[in-house]
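Enquirer: Next up is a structure, given as structure tokens.
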RNA sequence: CGGGGUGUGGCGCAGCUUGGUAGCGCGCUCGCUUUGGGAGCGAGAGGUCCCGGGUUCAAAUCCCGGCACCCCGACCA
């Protein structure tokens, strides 16, 4: 008699465990899997015909419709059984590759004393995103959004000698971040599982090597997960650091803009490219006044003067912390990149208020660089000497034409603009596409070891700070990205490696029929052959079963019905592309395995 | 934080303008039929209409105050 998964649950102290397991824990035969023999009639796969009304992103709609996740609150999601299987398959791939580079898996707590975070300075700097709470003794606590503080504290206590280095520690742990705006289900949630690893090295060179080890492990992880991905240069962020890469999975729901050209990929935040040329009118001997009554936008002025927007210079006044004003000038068709600007200015700045602009320059809408005393930062895309630009005259309703940088105003140079599509890198035009950040690697240096006292003694007995790196991956984002990248109008199409099941076996026979009997037997054979199989043995119509199978998106669908059985065959459909083929009933399991092995 | 929107059965929605027995489709339960693309017939179950207060003989509906959730933007180690 068939034993349901529920009845097979081994419980501590229950003799049935021994009877069924024969002294061997049946749950260990398939690591990471909680249910070894799912029959859909006894499973929990809450599929929906329609997506939630408020879902926008494709992965959000499909994750819910396919019965993989359910919402608990804003940015808070539960994984349903099949969804968790896919998630755990990603986790297992990551685990194997981390172990392969010598990573040591640990587990650190989510709940942490605020004291640690006060020592690192992040109790303040992390801001509103850090969940804070108090314990019963009224001590300040935090829910950890990441684990640098905890792991560095351990390193400080446990690593004493250069002989203890290098080390890589990692864990899969729930992260808590009070996101200002959770989005698109698991793409940006307030609580999520992350693999974060931390490396400890003797010096900068050691960190470089460990960083490279991670980079190669990450390459393998995303390849094995079947994603379309690339790594990009990234902003090192406010916390400083010595280098960073982000791993991006391009897809429409992505929140990042990536600049891509042959041999080049970078986050728009840091990308640089050759600007597209703009034809400038010849410059007269000096600036000429151009009346522009009522015209305040670039588009209005360019339109009225019959010039391309790139022949105008846009003025972007900012104020530094010391209160001084800097006038950033860039082409009218370009936009300021705040991150590059901060880099050029050596720190943060803010946009000048209309009052500040009015007081120091002129009426907002027609401000410019000619005759002003403020420091001027000129974007690299602006050329000097090829012709005259149009700029604001710092007087209402008036612009100046024929303005030549260097002749009519002095400036400092910097690259402070956003790349736009069509700019070139090494002669190739770039495109800009949205992508999900599925992982990142970051050279921390000694930022945390310094403040948390993580040092070691070198050969000479000299105390030195440990060099650290940190490396993150979000398994849920990988799953969501895979859905985004490969779904079609019928539903999900999982990459083979991370599908919740290898095979979705659909029987069309009623209980007691010959088809059903053969299906039961094939189910056992598929499982014996090593394929994780979901068996749709429900008492439902064929249309419903096919629709659910295509929605769930397992790589192979095996159908047993009277039609093909008459010819001694079963039908196997490859989910991606929906190509169907007939396999002889004899040895069908082996043939299915063969087919499965050839899939992406 | 700024802007926009939505809360009515498990899901999708109508009803609200003009107050008067809470409805529709899907799903669910039972029976019969059906079984290669979300099947048919019949009989049922299931709702503090987000919460609190107010107006009124009477509030899903009108008024006041909250809360929750979504989308766009800002933000995002």
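Enquirer: In degrees, nearest 10, range 0 to 90: what is the angle between the Cα axis of helix A:148-158 and the longest Cα principal axis of chain A?
Expert: Result, in degrees: 70.
Enquirer: Moving on to the next point. At a temperature of 4 °C and a viscosity of 1.567 mPa s, determine how fast chain A diffuses translationally according to Stokes-Einstein, using the Kirkwood radius over alpha-carbon pairs as Rh; express D in µm²/s, rounded to the nearest whole number.
Expert: Stokes-Einstein gives a translational diffusion coefficient of 46 µm²/s.
Enquirer: Calculated FRET efficiency, residue A:355 and residue A:128, Cβ-Cβ r, R0 35 Å, to nearest 0.05?
Expert: 0.80
Enquirer: Classify the stretch A:501-597 as rounded, prolate or oblate, taking a ≥ b ≥ c as the square roots of the eigenvalues of its Cα gyration tensor: rounded when a/c is under 1.5, otherwise prolate if a/b is larger than b/c and oblate if not.
Expert: rounded
Enquirer: Contact order normalised by length for the stretch A:449-572, with contacts defined as Cα pairs under 8 Å and 6 or more residues apart; what percent is it?
Expert: This gives 26 percent for the stretch A:449-572.
Enquirer: Between 0 and 90 degrees, rounded to the nearest ten: what's the tilt of helix A:475-486 against the longest Cα principal axis of chain A?
Expert: 90
Enquirer: Which of rounded, prolate or oblate describes the stretch A:329-402 when judged by the alpha-carbon gyration tensor and an a/c cut-off of 1.5?
Expert: oblate
Enquirer: Where the centroid of each part is defined by its Cα atoms, how far is the stretch A:286-303 from the stretch A:493-510 in Å?
Expert: 64
Enquirer: Residue A:463 to residue A:105: extension gain in nm, 0.36 nm per residue of separation minus the Cα-Cα distance?
Expert: Length difference between fully extended and current span is 126.1 nm.
Enquirer: Cut-off is 10 Å between beta-carbons; in what order do A:468, A:194 appear when sorted fewest neighbours first?
Expert: Ascending Cβ contact count within 10 Å gives the list A:194, A:468.
Enquirer: Something else now. Per the helix-only calculation at 222 nm, which mean residue ellipticity applies to chain A, given -39500 (n - 2.57) for every DSSP H run of n ≥ 4 and division by its residues, nearest 500 deg cm²/dmol?
Expert: Dividing the helical sum by the residues of chain A leaves -8000 deg cm²/dmol.
Enquirer: When the gyration tensor of the stretch A:283-388 is built from Cα positions, what are the square roots of 5 times its three eigenvalues, in whole Å, from largest to smallest?
Expert: Semi-axes (√(5λ), whole Å): 23, 16, 13.
Enquirer: I would also like to ask the following. For labels at residue A:539 and residue A:413 in the simple 7 Å Cα→Cβ model, what's the distance in nm?
Expert: Going by the 7 Å Cα→Cβ label model, 8.0 nm.
Enquirer: Give me A:136, A:95 ranked fewest to most by other Cβ atoms within 10 Å of their Cβ, as a rough exposure proxy.
Expert: Fewest to most other Cβ atoms nearby, the residues stand as A:136, A:95.
Enquirer: Continuing with this model, one more query. How do A:248, A:410, A:98 rank when sorted from fewest to most other Cβ atoms within 10 Å of their own Cβ?
Expert: Starting with the residue having the fewest Cβ neighbours, the order is A:410, A:98, A:248.
Enquirer: Measuring from centroid to centroid over Cα atoms, what is the spacing of the stretch A:386-415 and the stretch A:536-553 in Å?
Expert: 67
Enquirer: Give me the number: length gained by fully extending residue A:373 to residue A:578, i.e. 0.36 nm times residue separation minus the C-alpha to C-alpha distance, one decimal in nm.
Expert: 67.0 nm
Enquirer: Does a label point 7 Å from the Cα of residue A:510, set along Cα-to-beta-carbon, have any residues of the stretch A:531-575 with amide nitrogen under 20 Å, and which are they?
Expert: Counting backbone N atoms under 20 Å from the label point, the list is A:536-546, A:560-566.
Enquirer: Can I ask one more? Please give the helix A:588-597 orientation as an angle from the longest Cα principal axis of chain A, in degrees from 0 to 90, rounded to the nearest 10.
Expert: 20
Enquirer: Same structure again: How many angstrom lie between the C-alpha centres of the stretch A:257-278 and the stretch A:562-593?
Expert: Computed from Cα coordinates, the inter-centre distance equals 48 Å.
Enquirer: Another question, if that's okay. Would you kindly compute the Cα radius of gyration of the stretch A:66-191 and its largest Cα-Cα separation (Dmax), both in Å?
Expert: 17.1, 52
Enquirer: If I take every Cα pair under 8 Å that is 6 or more residues apart in chain A, average their sequence separation and divide by the length, what percent do I get for the relative contact order?
Expert: After rounding, I find 16 percent.
Enquirer: Cα gyration tensor of the stretch A:443-536, axes a ≥ b ≥ c as square roots of the eigenvalues: rounded (a/c below 1.5), prolate (a/b > b/c) or oblate?
Expert: Prolate, because a/c is 1.5 or more and a/b exceeds b/c.
Enquirer: Over the stretch A:201-294, what is the mean sequence separation of C-alpha contacts under 8 Å (at least six apart), divided by residue count, expressed as relative contact order in percent?
Expert: Answer for the stretch A:201-294 is 19 percent.
No lab work stands behind these numbers, since they all come straight from the coordinates. If you're wondering where the values come from, they're calculated on a predicted model, not measured in any experiment. All Cβ positions, glycine included, derive from the backbone under ideal geometry; neighbour counts span all protein chains shown.
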